[in-house]
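Peer 1: I am attaching a structure below and will ask some questions about it afterwards.
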Number of protein chains: 2
Amino acid sequence: MMQSIIATIDVVLLTIQDDRLCVVLSKRDKEPYANLDALPGGYIHAEEDRDSLDAAVRILQQKTSLIPPYLEQLRTFAGASRDPRGWSISVVYFALVNNDLIISSQQPGLTICPVDELRRLPFDHNEIIETAVDRIRNKSQYSSLPCYLAGETFTLPRLQKIYEACLGEGLNKVSFRRKMDELGVLEEIPGQTESGGAHRPAQVYGLKSEFKNQLKLLERGL
Amino acid sequence: MMQSIIATIDVVLLTIQDDRLCVVLSKRDKEPYANLDALPGGYIHAEEDRDSLDAAVRILQQKTSLIPPYLEQLRTFAGASRDPRGWSISVVYFALVNNDLIISSQQPGLTICPVDELRRLPFDHNEIIETAVDRIRNKSQYSSLPCYLAGETFTLPRLQKIYEACLGEGLNKVSFRRKMDELGVLEEIPGQTESGGAHRPAQVYGLKSEFKNQLKLLERGL
DNA sequence: TAAATTAGTTACAAATTGCAACTAACAAAA
DNA sequence: TTTTGTTAGTTGCAATTTGTAACTAATTTA
């Protein structure tokens, strides 16, 4: 006879805070590991969810009240020993959202923690987050992915900081701007500038509408 | 009450035949779709498999008698309508193997079909194979991945054909050789050459042993 | 009005890539 | 034995891309 397998979804929701890549954790309200911070997750509801993406959107909405501008499947973590309840499958999604949206959601129980300062988390959630960080590192190298962390409008110096946080390394200003130009996903917001102090203000940009739901890739990375 | 969810594994086993990228299909011995060609797959056995990779190895072994030199998770396909039996999760793996190993396995029920000549397959297997082809296209651009399709030993012109089949486009000979040199995963087999006709014979190479289980990545793609 | 600071550009050197033409090595035909 | 045809492999150089330093621009504050 076939022993039943637990089917769940977890979401690695990443954001930028203080120029650092952070993950959003949610305090668990049920056993196992009740009251501990962990990745937002939950059971797949076969009656309610048409597919796993549906389930991820529903669960993320319930746990964080957010609908992130970017959501893709990361990988599935499955096995006998990752969950004390038994053999489990977790289809893990990977989401990006601007920090301000998390703050303004006012959702209780959320913690925002830099990915390089995480303590031991329940289940295999540390390994899952590592996988997500690897993925964003890799994809940021040759795509517009980090733009989804930047919010509606942003300056190029700000976007560069975000790319640097994603990649975990500093970038050359000229090269970065050349690549953003080559990507062609940004549009200048005419007349709008932002000055963070006693110096020349920076031009404000936004994502072109055709790229709000469409990643753009570079031939050669940055 | 929670309706039960079917947990399965499918494997996209890719190979090169006549310089073309092909997928290995297996004739289904059970319903649904009995006797039709489909991706080799099967149920996860919670008692027997420690994790999903274990399950993939077991299922691939059972269906093809092969242990491929490369096996990684592709993506999970899950939803209410992909399998007539009900809400199902398929954790899909992606494997590469040299064609000669398939032929010599003598396993009955296997078909080798070029990925661009597939007819309509059961379940969402066409979509799954497309995803696998996208993955190999992408990864071949900046890694030693296609080497796993080449067998124990091979010449550079042969390896170039394999890369071209994976990428779906021709490559410049000089650039290709420069990149292989930069990758540094190959070792010359001294004195061994192979001549496919009335012309200069080609040097034979193999994978350095430290890269037989370790993908090598390029900074900039080829 | 000058100083400080960050935004953004320019010019050029260095590295990488793509291409064409070359040499090398073999078998088969003459 | 020489010539021819064919593929293997290399070389040199032009074209493109990338990295760097130094520049100009625009702002606030002293």
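Peer 1: State, to one decimal in nm and shortest first, how far the label point of B:ALA198 sits from each corresponding label point in the other identical copies (label point: 7 angstrom along Cα-to-Cβ).
Peer 2: B:ALA198 label point versus its equivalents elsewhere: 8.4 nm.
Peer 1: Any idea of the total accessible area buried by the A-B contact, 1.4 Å probe, rounded to 100 Å²? Don't skip to the end; give the middle numbers.
Peer 2: On the way: alone 11960 and 11970 Å², together 21860 Å².
Heavy-atom accessible area buried at this interface is about 2100 Å².
Peer 1: Top mean-square fluctuation among B:CYS147, B:CYS113, B:CYS22, Gaussian network model of chain B, C-alpha springs under 10 Å?
Peer 2: B:CYS113
Peer 1: Which value, in Å², gives the accessible area per residue of chain A when a 1.4 Å probe is used on the protein heavy atoms? Walk me through the numbers before you get to the answer.
Peer 2: Details: 10930 Å² over 222 residues.
Result: 49 Å² of accessible area for each residue.
Peer 1: Sticking with this one: Assign one of three labels to segment B:6-139, namely rounded, prolate or oblate, based on the Cα gyration tensor with a ≥ b ≥ c the square roots of its eigenvalues; rounded applies when a/c is under 1.5, prolate when it is not and a/b is larger than b/c, and oblate otherwise.
Peer 2: Numbers: a/c = 1.39, a/b = 1.27, b/c = 1.09.
Note, shape of segment B:6-139 comes out rounded.
Peer 1: I would also like to ask the following. Could you work out what % of the accessible surface of segment B:83-212 is carbon and sulfur, using a 1.4 angstrom probe and leaving DNA, RNA and ligands out of the count?
Peer 2: Values: 2910 of 6350 Å².
So the carbon and sulfur contribution to the accessible surface is 46 percent.
Peer 1: Can you list the lysines whose alpha carbon sits under 21 Å from that of B:LYS63, skipping same-chain ones fewer than 8 residues off?
Peer 2: Hits, sequence-local ones excluded: B:LYS27, B:LYS30.
Peer 1: Also, quick follow-up: Please list, by residue number, every one of the trypsin sites (Lys or Arg not before Pro) in segment B:97-193 that is coil in DSSP and has at most 10 other beta-carbon atoms within 10 Å.
Peer 2: Working: sites: B:ARG119, B:ARG120, B:ARG135, B:ARG137, B:LYS139, B:ARG158, B:LYS161, B:LYS173, B:ARG177, B:ARG178, B:LYS179; in loops: B:ARG119, B:ARG120.
Hits after loop and neighbour filter: B:ARG119, B:ARG120.
Peer 1: With respect to the symmetry axis carrying chain A onto chain B, which residue of chain A exhibits the smallest Cβ distance to that axis, and what is the value in whole Å?
Peer 2: Per the Cβ-to-axis criterion, the result reads A:THR76, 2.
Peer 1: So, one more: Do any residues of segment A:1-32 lose at least 30 Å² of accessible area when the full set of protein chains is present rather than just their chain alone, and if so which, with a 1.4 Å probe?
Peer 2: Those residues are A:MET2, A:GLN3, A:ILE5, A:ALA7.
Peer 1: Report relative contact order for segment A:6-122 in percent, whole number only (criteria: Cα-Cα under 8 Å, sequence separation at least 6). Mind showing how you got there, number by number?
Peer 2: On the way: 217 pairs, mean separation 43.5, N = 117.
It rounds to 37 percent for segment A:6-122.
Peer 1: For chain B, what's the relative contact order in percent, using C-alpha pairs closer than 8 Å and at least 6 residues apart? Intermediate values should be presented prior to the final figure.
Peer 2: Details: 382 pairs, mean separation 46.4, N = 222.
Here the relative contact order equals 21 percent.
Peer 1: Please tell me the relative contact order of segment B:114-199 in percent, rounded to the nearest whole number, where contacts are Cα pairs under 8 Å and at least six residues apart.
Peer 2: 24 percent
Peer 1: Once every DSSP H run of n ≥ 4 in the protein assembly as shown is given -39500 (n - 2.57) and the sum is divided by its residues, what mean residue ellipticity at 222 nm do you get, rounded to the nearest 500 deg cm²/dmol? The partial results should precede the final answer.
Peer 2: Details: 10 runs with 118 residues, N = 444.
For the protein assembly as shown, the value works out to -8000 deg cm²/dmol.
Peer 1: Here is a further query. Which distances in nm, rounded to one decimal and ordered from shortest, link the label point of A:TYR43 to the equivalent label points in the other identical copies, with labels set 7 Å from Cα toward Cβ?
Peer 2: Reported distances to equivalent positions: 2.0 nm.
Peer 1: Among A:GLU152, A:GLU187, A:GLU210, whose mean-square fluctuation peaks in a Gaussian network model of chain A (Cα, cutoff 10 Å)?
Peer 2: Highest fluctuation of the listed residues: A:GLU210.
The values are calculated or read from the model by the stated rules, or taken from the named source; none is laboratory data. Remember, predicted model here, so these are calculated numbers, not experimental data. No Cβ is skipped: glycine too gets one built from the backbone with ideal geometry, and neighbour counts run over all protein chains shown. Only protein heavy atoms, including side chains, enter the accessible area calculation; ligands, DNA and RNA are left aside. Shrake-Rupley method; radii C 1.70, N 1.55, O 1.52, S 1.80 Å.
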